[in-house]
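The values are calculated or read from the model by the stated rules, or taken from the named source; none is laboratory data. None of these values were measured; they are calculated from a predicted model. Glycine also receives a Cβ, built like all others from the backbone with ideal geometry; neighbour counts cover every protein chain displayed. These accessible areas exclude ligands, DNA and RNA; they are computed on the full protein's heavy atoms, side chains included. Shrake-Rupley method; radii C 1.70, N 1.55, O 1.52, S 1.80 Å.
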Amino acid sequence: MGTNCVTYDFSAIERHWQEKWARDRTFRAMEDFGKKKYYVLDMFPYPSGAGLHIGHPEGYTASDIIARYKRACGYNVLHPMGWDAFGLPAEQHAIKTGMSPAINTTNNVDVFRKQIQSFGFAIDWDREVNTTDPNYFRWTQWIFLQLFKHGLAYVDEKPVWWCSELKSVLANEEVINGVSERGEYPVERKNLRQWVLRITKYADRLLDGLKDVDWPESTKRQQVAWIGKSTGAHVTFKVENHSASVAIYTTRPDTLYGATFVVLAPEHELVSTIVSDGQRAAVEAYIERAKSKSDLERTDLAKSKTGVFTGAHAINPVNGEPLPIWIADYVLRSYGTGAIMAVPAHDDRDYEFAKKYGIEIRQVIRWENSSELPFCGDGKLVNSGEFTGLDSKQAKEAIIDKLSRLRSGSRAVNYKLRDWLFSRQRYWGEPIPVVWVEKPDYDFMLQQDDFYFKEFLPENEISYTSEGLTFCAVPLTPKELPLALPKVDSYIPSDNGESPLAKAKSWTNIYINPISGEIIPVREFAAGTPGTWVRGRRETNTMPQWAGSCWYYLRYMSPHHSSALVEEHSEKYWQQPDMYIGGAEHAVLHLLYARFWHKFLYDIGAVSTPEPFKKLFHQGIILGEDGTKMSKSRGNVVNPDDVIGRYGADALRLYEMFLGPLEAMKPWGTRGIEGVSRFLKKTWNFYIADGGEIKPFGDESSQQVQDVSNETIGKVTQDIENLRFNTAISQMMICLNTFVKEKSVSRVHATQFLQILTPFAPHISEEIYSRLDGTVNSISLLPWPTYTGKSDRENAVKLAVQINGKLRGECRVDRNTECDRIIEIVKKDDRLNKFLTGKTIVKTVFVPAKIINIVVE
RNA sequence: GCUCGGGUGGCGGAAUGGUAGACGCUGAGGACUUAAAAUCCUUUGUCCGCAAGGGCGUGCGGGUUCGACUCCCGCCCCGAGCACCA
């Protein structure tokens, strides 16, 4: 049953069908194991206070078209939605207003849900997840504990990015060009105790796995570049007149004979040991200067290189030559060994440095078409002792072999990828489920015969030392999960880098029982409490926002399951998303972290597939009408609620898909939506008479209608498969225009048109279908119409005629006409023949039923 | 700097070796209307021409081909990512 509206009243129609779908749970995903499954996933949104952005429904509409299409094709479709709701904006809102981020988040989610539902997406709302729901994040915490147990989580006191404005540590990825990604505030280096995840252990597998997924090449390339694997050698240089030696990493061992100096990063721990007395003052001054430089200054490529001689020399292991050791901030402590051999003849940076400080530049590679130094490619070796004459590739191997014999070097692999800094000094995140106890208490716990935690501990204990005391990490037991956030008076972090949770003393200070695993707050602990107890302090750091989004696609498979993160048989059935649609801004971080967790879960047997996302697609960005990024300050923001109010959800869905290729960046155009809106009205008027009743449709269609209908089914099907929705819509427009012109359209063709329109504009299609036929409860239950192949009924074709490659006309012929016959026809046509008279035909190229090209002289 | 993607009417875009500009927007003219909106019809790359017709045309310059927006070489411009990674 539809509405009773007489004209195309989209608000009434859309409200009616959305309510009906919700009531009937039309789009519930069932675990029907006899049916092939299709899992289509959107990157779930962060429910910001600003409400839904016009860009959100672009990806959601695309995935919805696929979901509805696949369902009509007979698949059992899973198309869920949820909320990535931990994160900084809610916390900053809390700091500003004092309102709890939990309440604020719930409000925002309610707004987002309502807005998303107003698009009529075929989502199974029974499976909604929310990363801030304790029943969700207990499993995020559980995964963390598994990582902990398997030695993939550790603490490290190390320099991290500290943003004093946000009062928080940021991950490398959250710092862009020396300022915070969010807010663009200045950042500095600060030493803090941090949780770190050992993603580097998975570097090779994260690289290899990319071969097996259907992802945009550019995204794969970005991940490859981020992992940054390189192969080369470690070479050890003895320091002259000193017991120390310097280890360097190079990808060019073939240039070893061209090394004329060695450079250490200013932070390299060897610097203070090897520096000569004469140079000490200059070196210390340089280090001091380097420290005060911001990262932006240090990495500024435009500035010239600087450095200081240490007074020490390193001995080149292959020829015994002493090379001056310099320090310079163009060498990074964090990559490789923090030290390099400098080969100015064959490295741009070393060349620039050597030029500036008058250091020898020695060519050891010769190449064809010799141009000037530096030359950084491969070639033939010169001035390289016994290796002279080899080409670079052979020389690399040969020189590494010699280094191995000399015990001065070996083959080595290096990655740009660093371990993942996993703790944040924030309130609004998942608490890290760990308790710290002092070392003597920890040893006492370990000595207990029936020590509960044995199976939850990593091989090597995790500990840190502060003010002379050593603390060891004890994981919470699964019984203690979820570890919920405590209530706090203030959400403001302290200036010393501690999370706001540190101020919730009654929450942080606890007693832990090594035998039962139980935890009780200090205030509940009395002298008479039975059992063995040890004092502890909860970890007060929380997890980064990435944590919850690392595994949400698994939770959708069994969102209410209470004894595992995903129910085994559900995971076996749904396996992984077949299609994942979301923005390219997540090309590296989210998609790399999720792959890391997934591979880990695969290793511990929690999931059965090695990769989380089979096929990935990035929708482009919708720009403002002026062609720039939508922003409040520019005043070019389009509000989806306004557009739906004015044109309806179907029109907005259709328009966003019609705008251009899904992956392209394209500007919004207010006039453009008028076009698709007219198309919908035209559709309505084609089916519905003035009084609101359905027009009569007979049993016969004209030939034209049959052909255009069939062609449209074929084109739209292909275009949906290839996510080319813009051309699918133009084909439907062509089809409708033909219908309107031809008028003799059968019931079957009238129904089929509505069916292929359904994934794009489901409300109007349901409404018209309910008046046209309505034998089934929803048009989405009808099987997708089939394309019957190219019609051979259409025999007369227009054949293009070219003479010397230039289009001169066309002729109407039977599609099977032979080449010779066509030349005769052309000769009889005065307008064509005039290009042939007095010329000889040298050659003809003939494509049957398409084109003929006559070459004359 | 390196890597990748792109450059087609007034605009969004179609066509990946076979009739460039589908489809939509806009503009112009017309029908209906007292009028307007809505709707419908015609037209809309550009130059010459009254017209018939013809020339030019997919960033620029070459090339391959019977035929190039499409493939190859060189250049210009725009966008994205990475950015002293040794």
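In this rough spin-label picture, where each label sits 7 Å from Cα along the Cβ direction, the A:Ile604-A:Gln704 distance is 6.7 nm.
Beyond 21 Å, what percent of the Cα pairs of the range A:220-298 remain?
On the way: 1546 of 3081 pairs.
Cα-Cα pairs in the range A:220-298 separated by more than 21 Å: 50 percent.
Solvent exposure of the range A:50-144 amounts to 29 Å² per residue of accessible area, where only protein heavy atoms count and the probe is 1.4 Å.
For the range A:583-589, backbone phi angles converted through the Karplus equation (6.51, -1.76, 1.60; θ = phi - 60°) give residue-by-residue couplings of x, 6, 5, 9, 3, 9, 5 Hz, Gly and Pro being listed as x. Name the shape class, rounded, prolate or oblate, that the alpha-carbon gyration tensor gives for the range A:481-576, where a ≥ b ≥ c are the square roots of its eigenvalues, rounded holds for a/c under 1.5, and otherwise prolate holds if a/b is larger than b/c and oblate otherwise. Note, shape of the range A:481-576 comes out oblate.
Converting phi to 3J(HN,Hα) with the Karplus coefficients 6.51, -1.76 and 1.60 and the offset θ = phi - 60°, the range A:668-680 yields 5, x, 4, 5, x, 5, 4, x, 6, 5, 5, 4, 5 Hz in sequence order, with x at every glycine or proline.
Can you compute the FRET efficiency between A:Ser730 and A:Asn685 using 1/(1 + (r/R0)^6), with r the Cβ-Cβ distance and R0 = 25 Å? Round to the nearest 0.05.
Working: r = 20 Å, r/R0 = 0.79.
For A:Ser730 and A:Asn685, the calculated efficiency is 0.80.
For the Cα trace of the range A:358-440, dividing Rg by the Kirkwood Rh returns an Rg/Rh value of 1.34. Quick one: check the C-alpha center-to-center distance for the range A:516-580 versus the range A:20-98, whole angstrom. Cα centres, the range A:516-580 to the range A:20-98: 24 Å.
From the alpha carbon centroid of the range A:418-435 to that of the range A:108-149 is 19 Å. P(r) tail, chain A: Cα-Cα pairs separated by more than 41 Å, 53% of all pairs. Less than 5 angstrom separates the built amide H of A:Gly82 from those of A:Val129, all sequence-distant by 5 or more or on a different chain. For A:Lys355, the lysines whose Cα comes closer than 16 Å to its Cα, not counting residues fewer than 8 places off in the same chain, are A:Lys303, A:Lys305. Once you order the gyration tensor axes a ≥ b ≥ c over the Cα atoms, which shape class does the range A:315-396 get: rounded for a/c under 1.5, otherwise prolate or oblate by comparing a/b with b/c? It comes out prolate by the Cα gyration axes.
Do you know the relative contact order of chain A, to the nearest whole percent, from alpha carbon pairs under 8 angstrom that are 6+ apart?
Computed value for chain A: 14 percent relative contact order.
In the range A:312-448, the portion of solvent-accessible area held by carbon and sulfur atoms comes to 48 percent [1.4 Å probe, whole percent, DNA, RNA and ligands not counted].
Using bins of 10 Å that start at zero, the share of Cα-Cα pairs per bin across the range A:83-147 amounts to 19, 40, 31, 10, 0, in whole %. Ordered from longest to shortest, the equivalent ellipsoid semi-axes for the range A:156-257 are 31, 26, 13 Å, each the square root of 5 times a Cα gyration tensor eigenvalue.
Averaging 1/r across all pairs of distinct Cα atoms in the range A:15-130 and inverting the result yields a Kirkwood radius of 15.4 Å. Think of it as helices only: each DSSP H run of n ≥ 4 in chain A is worth -39500 (n - 2.57), and spread over all residues that comes to -10500 deg cm²/dmol at 222 nm.
Looking at the range A:776-857, the trypsin sites (Lys or Arg not before Pro) that sit in a DSSP loop and have at most 16 other Cβ atoms within 10 Å of their own Cβ are A:Lys790, A:Arg793, A:Arg815, A:Lys834, A:Lys839, A:Lys850.
Measuring against 30 Å, Cα to Cα, the residue pairs A:Lys96/A:Lys503; A:Lys798/A:Lys834; A:Lys36/A:Lys149; A:Lys149/A:Lys572 contain A:Lys36/A:Lys149 as the ones spanning a longer distance.
Sparse packing (at most 11 other Cβ atoms within 10 Å of the Cβ) combined with a DSSP loop state is found for the following GluC sites (Glu not before Pro) in the range A:189-282: A:Glu269.
Residues whose amide H falls under 5 Å from that of A:Phe261, counting only those 5 or more places apart or on a different chain, are A:Ala342, with hydrogens built in the peptide plane. The residues of the range A:313-390 have, on average, 47 Å² of accessible surface per residue, using a 1.4 Å probe with all protein chains present.
Computed from phi, the 3J(HN,Hα) profile of the range A:484-500 under the Karplus parametrisation 6.51, -1.76, 1.60 (θ = phi - 60°) reads 7, 6, x, 6, 10, 7, 9, 9, 7, x, 7, 6, 8, x, 8, 5, x Hz, with x in place of Gly and Pro.
Return the loop-located chymotrypsin sites (Phe, Trp or Tyr not before Pro) in the range A:1-75 (DSSP other than H, G, I, E, B) with at most 11 other Cβ atoms within 10 Å of their own Cβ; answer none if there are none. Could you put the intermediate results ahead of the total?
Numbers: sites: A:Tyr8, A:Phe10, A:Trp17, A:Trp21, A:Phe27, A:Phe33, A:Tyr38, A:Tyr39, A:Tyr60, A:Tyr69, A:Tyr75; in loops: A:Tyr8, A:Phe27, A:Phe33, A:Tyr75.
Counting only loop positions with at most 11 other Cβ atoms within 10 Å, the chymotrypsin sites (Phe, Trp or Tyr not before Pro) in the range A:1-75 are A:Phe33.
Taking every alpha-carbon pair in the range A:693-816 and binning the separations at 5 Å intervals from zero gives 2, 10, 17, 19, 18, 13, 8, 5, 4, 2, 1, 0, 0 percent.
Amide H to amide H distances under 5 Å link A:Ser168 with A:Cys163, where only residues 5 or more positions off or on other chains count and H is placed in the peptide plane. Expressed as a whole percentage, what fraction of the accessible surface of the range A:487-604 belongs to carbon and sulfur atoms when a 1.4 Å probe is rolled over the protein heavy atoms? That share works out to 51 percent.
Roll a 1.4 Å probe over the protein chains and send me the accessible area per residue for the range A:409-534 in Å².
Working: 5910 Å² over 126 residues.
That works out to 47 Å² per residue.
Taken along the Cα-to-beta-carbon direction at a fixed 7 Å, the label points for A:Ser404 and A:Lys114 span 6.9 nm.
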